[in-house]
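Below is one structure, written out as structure tokens, with a few remarks after it.
What follows is calculated from the coordinates using simple rules that are stated; it is not laboratory data. Fair warning: this is a prediction, and the values are worked out from it, not measured in the lab. So basically every Cβ, Gly included, is an ideal-geometry build from the backbone, and we count neighbours across all protein chains shown.
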Amino acid sequence: MKNKNKKEQRMLGTILYVLGVMLIISGSISLPTSLARTIVYSMLALGVVFVAAGLYLNHSYQTKLGTLKALQYFLLTVGAVIMVFPFYWMIASAFKTSAEMNFFPPTMFPKNWLNFDNFYIAFETAPFGRYFMNSVITCLSSVTLTTFTTILGAFAFSRLNFPGREVLFSLLLSMMMVPFEMLVITNYTTIVKLGINDTLYALVLPFTSSIFYTYILRNFFQSIPDGLYWSARVDGCNNWRYLWKVMVPIARPSLVTIVLLNAMASWNSFMWPLLVIKQDYNRTLPFGLYTFTTEVGANNELLMAASSVVVMPMIILFLFARKQIVGGVARGGIKG
Amino acid sequence: MQVEMQGLTKHFGATKAVNDFSITLYDGELVCLLGPSGCGKSTVLNMLAGILPVTKGKILFDGEDVTKHPPEQRGIGLVFQNYALYPHMTVMGNICFPLEIQNVPKAERIRRATEMAELVHMGDYLNRRPKQLSGGQQQRVAIARALVKNPRLLLLDEPLSNLDARLRLEMREEIRRIQLQTQVTTVFVTHDQEEAMSISDHIALMKDGYLQQHEKPQALYDEPANQFVADFLGNPPINNLEGTAQGDRFVSNDGSSFVCRGIEVVPSGTKINLAIRAESFVMENEKADSFMKCKIISVYQLGKEEMAQVEFGGNIFRAYISLENNIKAGDEVYLSLKDRGVFFFDKESGRRYI
């Protein structure tokens, strides 16, 4: 008797589960188009209840696991859409005409994906080419110099033994707590005194070293066993050669992360250029974009076209190296 | 190359890691620095390599004082327990690296590295990376890298400790073969007495930073200088019977006694440890007062012979007994001692009476 009851229960559970899933799917498909919202909502709610009841009655572990997976992917998809949609909207808008921009309700897709007019107009209105060059130059020099000083600093703090090493490093680390905004004033006066304000040098000079990156790289360097160093030393390898021949190649993943993070920060920096740059032709992309918004006023499609150009290099960089970015930060931070 | 250490001393603050360490290594010899962990053997090696500065004393390479020389000027090869291979280079790259540093032309570099790889039987793996090799293979590469620049002295710091038991046996024979083939003077640090016994020309046994004895392996086993040396070498460990020397007799703490050859060298009434190797017992057939009257506690079969756990005068010890004697647990037997493998150590100081 009992067994038969259980079997029936399971059957019922399966039926409820399948029915619930069907209700949810059909509900969510009809949601964007249907006018009878109340019916759709009740369909969804009923579906959820059915699925829950089905899971309760049908004790299949696999079904539960599958449902959990589906739920996880659903939430991830929602998150992804929220993150990606603004970017999509920016790129889509860049291809719309001025009239299309003002449609109501707004259209999801531009009529013509090959409409590059906005880009032409934006590039004619403001010297984006020049801005782009400025950004590339500052970004490259800043990243190169920072990486170089970071490597040297990390080596000194991890491998060379000198009195007060740990104290000095703790002091440096404590500097990380001083926010950039506090340093802006002193940096500005220094730049003015050096007489290089309103030049590209002013954009590079304050960003030629980084405590945070030194910290990440030092942690990595410290994880390289001593044996490697002494084997090399015994073979007649000096510190300089050991650093470039052994340590740097081993630390390549960490270094790539550092370079990427640094490049992104440099590319996106806005406040500092805003302070030190006056002349139009010395502006970098984010700053140029900012002035551009005031010039084009309500022509959002032009703004979106310009914005797309600004963010594109970083998006490409991110797509190629996102594993390195995420992994590197996690690795450097774990060991304190 | 002849290596001489004279009064080598290393202090880390208040800790005295190595004290007044003096030995001489002759050309082409393989010498083991043996001792329990923390005895200072690795410290000696690191001082030889120039990794650690010397507190006091001198190191002479072929008569030349190198105490203050930096590592790169000493002409040594170094092998670590964890192999310390460069993970981003291939086997070829690793073996070539020391030559690259010395600016040896590329063609010669490759020729010498290939030759060295053949010597350590790694010729087929030149393009692999360290990660793709087993522990034993990595150690072979590390040895090749250390030897490729023809060092005057090869230093091995517990090179086999990371390997499993079987591989360890194989690799220690390999190290010996390579060493004999290249005739390089070698210092081998280990805590494994069996390893040290089997491959070295001389063993320097250390304890708490002091050299205990520097001898040929067999001499170290046959003629230990003190209690520690006797205890450290040999498997099963040497048996120590506590008691007193009385003329030609050894008297156990509970009063039972027997005649012991050679004990006359100990002043009568001295408290001693009578140290006997497990293989130094002889079964006697007569029941005489001059023999050890013992009780068999248990018997373990070892195939070719038997190992018995035996009690005499309150001391429990292990003895090898030949199979013909047909002993079993609970038997009362009479044992005497061979001349070889029997030592008298002072109970207090561990000093040996000869």
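Hey, what do the phi angles of the stretch B:54-65 turn into as Karplus ³J(HN,Hα) couplings, whole Hz, using 6.51/-1.76/1.60 and θ = phi - 60°, x for Gly and Pro?
Residue by residue, the stretch B:54-65 yields 8, 6, 8, x, 9, 10, 10, 9, 6, x, 8, 6 Hz.
For residue B:286 and residue B:298, calculate 0.36 nm times their separation in residues minus their Cα-Cα distance, and state this gained length in nm to one decimal.
Extending this stretch completely gives an extra 2.1 nm.
From other protein chains only, count the Cβ atoms within 10 Å of every residue's Cβ in B:70-81, then give the mean.
Mean inter-chain Cβ contacts per residue within 10 Å come to 4.
Among B:73, B:139, B:301, whose mean-square fluctuation peaks in a Gaussian network model of chain B (Cα, cutoff 10 Å)?
B:301
Considering only C-alpha atoms, what is the centroid distance from the stretch A:1-63 to the stretch B:238-303, in Å?
87 Å
Rank by packing, highest mean first: peptides B:89-98, B:243-252, with packing defined as the count of other Cβ atoms within 10 Å averaged across residues.
B:89-98, B:243-252
Angle, helix B:135-147 long axis vs. longest principal axis of chain B, Cα atoms, 0 to 90°, nearest 10?
It is inclined by approximately 60 degrees.
Within straight cross-link reach of residue A:64, meaning Cα distance under 20 Å, which lysines are found once same-chain residues fewer than 8 apart are removed?
By straight Cα distance, residue A:64 reaches A:6, A:7.
Would you list A:139, B:32 from fewest to most Cβ contacts within 10 Å?
By the 10 Å Cβ count, ascending: A:139, B:32.
Could you give the nm distance between label points at residue B:65 and residue A:9, where each point is 7 Å from its Cα heading toward the beta carbon?
My value for the distance between the label points is 9.2 nm.
By how many degrees, between 0 and 90 and to the nearest 10, does the Cα long axis of helix B:165-182 differ from the longest principal axis of chain B?
Approximately 60 degrees, to the nearest 10.
Compute the angle between helix A:285-296 and the longest alpha-carbon principal axis of chain A, please, reported from 0 to 90 degrees and rounded to the nearest 10.
That works out to roughly 70 degrees.
Let me confirm one metric for peptide B:93-105, namely the mean number of other chain beta-carbon atoms within 10 Å of its residues' beta-carbons.
Taking the mean over all residues of the peptide, I get 2.
Over chain A, with a single point scatterer placed on each C-alpha, what log10 of the ratio I(q)/I(0) does the Debye formula yield at q = 0.07, 0.15 1/Å?
Ignoring solvent entirely, the Cα scatterers give -0.53, -1.21.
When the Karplus curve 6.51 cos²θ - 1.76 cosθ + 1.60 is applied with θ = phi - 60°, which whole-Hz ³J(HN,Hα) does each residue of the stretch A:267-280 get, with x for Gly and Pro?
Per-residue couplings from phi come out as 4, 8, 5, 10, 5, 5, x, 4, 7, 9, 9, 10, 6, 4 Hz.
Based on other C-beta atoms within 10 Å, arrange A:190, A:38, A:214 from fewest to most.
A:38, A:190, A:214
Given a Förster distance of 22 Å, report the FRET efficiency between residue A:226 and residue B:161 from their Cβ-Cβ distance, rounded to the nearest 0.05.
It comes out at approximately 0.85.
If the cut-off is 29 Å between C-alpha atoms, which lysines fall inside it for residue B:131, apart from same-chain ones fewer than 8 positions away?
A:245, A:323, A:335, B:106, B:149
What ranking, highest mean first, results for peptides B:183-192, B:315-324 when packing means the other Cβ atoms within 10 Å averaged over each residue?
Sorting B:183-192, B:315-324 by mean packing, highest first, produces B:183-192, B:315-324.
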